[in-house]
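Please treat every number below as a calculation from the coordinates, not as lab data. All figures in this text were calculated on a predicted structure; none of them were measured in a lab. For neighbour counting, all protein chains shown are included, and Cβ atoms are generated from backbone atoms with ideal geometry for every residue, glycine included.
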Amino acid sequence: MSPDGTPSQTANVQDAIVEPESHTEQERDRIAPQTSLGSPATAGQDEGATTSATTVTKQGLSVRLEDLRAFYGEAEQVKGINLDFNANEVTAIIGPSGCGKSTMVRCINRMHEEIPGAHAEGRVLLDEMDVYDPNVDVVAVRRAIGMVFQKPNPFPTMTVFDNVAAGLRLSSGRGTHGKADLRTKVEAALRGAGLWDEVADRLDAPGAGLSGGQQQRLCIARSLAVEPEVILMDEPCSALDPIATLKIEELIDELKKRVTIVIVTHNMQQAARVADRTAFMLSGELVEVGPTQKIFTNPDDSRTEEYVTGKFG
Ligand SMILES: Nc1ncnc2c1ncn2[C@@H]1O[C@H](COP(=O)(O)OP(=O)(O)OP(=O)(O)O)[C@@H](O)[C@H]1O
Ligand SMILES: [Mg+2]
């Protein structure tokens with residue numbers, strides 16, 4: 001790939017994620033996310049280069065689950081799921097409590113395996129690359145596939161600015177970012193998360209001092225800062241009031257222009273509002289997936305209909 005942006009994003013991501021056998025200085029730069037996973041708008045820029053904070057545009061990547069199974073010890077809780085998440089679309093995952101939604105989503109960026117005794121089987125393809133390939137760098141996978149949790153979890157002792165910069169600093173190693181560059185990227189991420197106007201004059205205030213909705217957008221900004229291709233959201237609004245929820249939903253609509261979004265929700269109206277496609281899970285299995293409107297108005301499976309009409313769950 002060329003450092004100044006390439007026509008093939010797949011090649012970019014594969015270059016970035018497949019762990020090189022040895023890391024020379026040059027190679028380390030090559031796999032740094034800000035160049036190799038970066039968008040054409042930002043890739044390959046020198047420190048302090050002038051960029052407009054609003055010019056970051058990015059195409060999401062598709063994700064395909066092939067016979068995905070997830071276990072806690074011996075217990076199989078995701079039981080052979082085949083599912084496509086289309087690039088630059090929002091896919092909602094619905095289903096009753098305990099059916100495996102969070103587990104399935106955590107398998108997509110390999111967070112599941114962090115749980116002691118847990119493992120996954122099958123394949124998760126980010127575009128064409130299997131994120132479970134043994135040569136893949138798991139840290140880079142999680143940079144490419146970000147995650148936002150149910151409860152906003154900003155780093156409590158960090159400022160607003162540092163919360164967003166944290167991911168960049170962690171991923172860049174030694175001083176890849178100049179100050180001006182870091183500020184540009186933090187501003188871009190905060191703008192992307194629809195939070196800039198509310199925090200521009202309090203970047204040095206503690207992140208924990210923001211409202212719940214602002215904290216959740218701060219977490220979204222933090223995940224956007226490393227320029228992911230996919231964002232997984234596990235009930236991102238369940239701790240928020242309706243107005244904060246609406247803001248996140250509007251944001252999701254905006255974000256899908258540049259990333260692919262998977263959102264777990266218990267809120268049927270939310271799924272109907274934000275999702276292009278909806279997948280219904282039951283007991284660790286995928287019952288059906290389709291255009292959101294079809295799932296809610298004319299599903300193929302009677303169990304889906306019972307669930308979306310509130311007969312169980
Ligand atoms: N850390 C764990 N150890 C053992 N079993 C677990 C663990 N986490 C989840 N499970 C089990 O896996 C199954 C699926 O759980 P999961 O959290 O994925 O469901 P969910 O659909 O996200 O539910 P909810 O809607 O309540 O969040 C459940 O039976 C749950 O008890
Ligand atoms: Mg869950």
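Before moving on, here are some points about what is shown:
- Sequence-ordered 3J(HN,Hα) estimates for segment 107-115 from the Karplus curve with 6.51, -1.76 and 1.60 and θ = phi - 60° stand at 5, 5, 10, 6, 6, 4, 5, 6, 7 Hz, glycine and proline given as x.
- Highest average packing first - 71-81, 141-151, Cβ atoms within 10 Å: 141-151, 71-81
- The count of lysine pairs in segment 160-313 that are at least 8 places apart or cross chains, and whose C-alpha atoms lie under 26 Å apart, stands at 9.
- Computed packing ranks the peptides 217-230, 271-284 as 217-230, 271-284, most packed first, by mean other Cβ atoms within 10 Å.
- Peptides 116-127, 85-96 ranked from most to least packed by the mean count of surrounding Cβ atoms within 10 Å: 85-96, 116-127.
- For segment 95-100, 3J(HN,Hα) computed residue by residue from phi via the Karplus equation (6.51, -1.76, 1.60; θ = phi - 60°) reads x, x, 4, x, 7, x Hz, glycine and proline entered as x.
- Amide H contacts of Asp127 (H built 1.01 Å from N, under 5 Å, at least 5 apart or other chain): Ser62, Val63, Arg64
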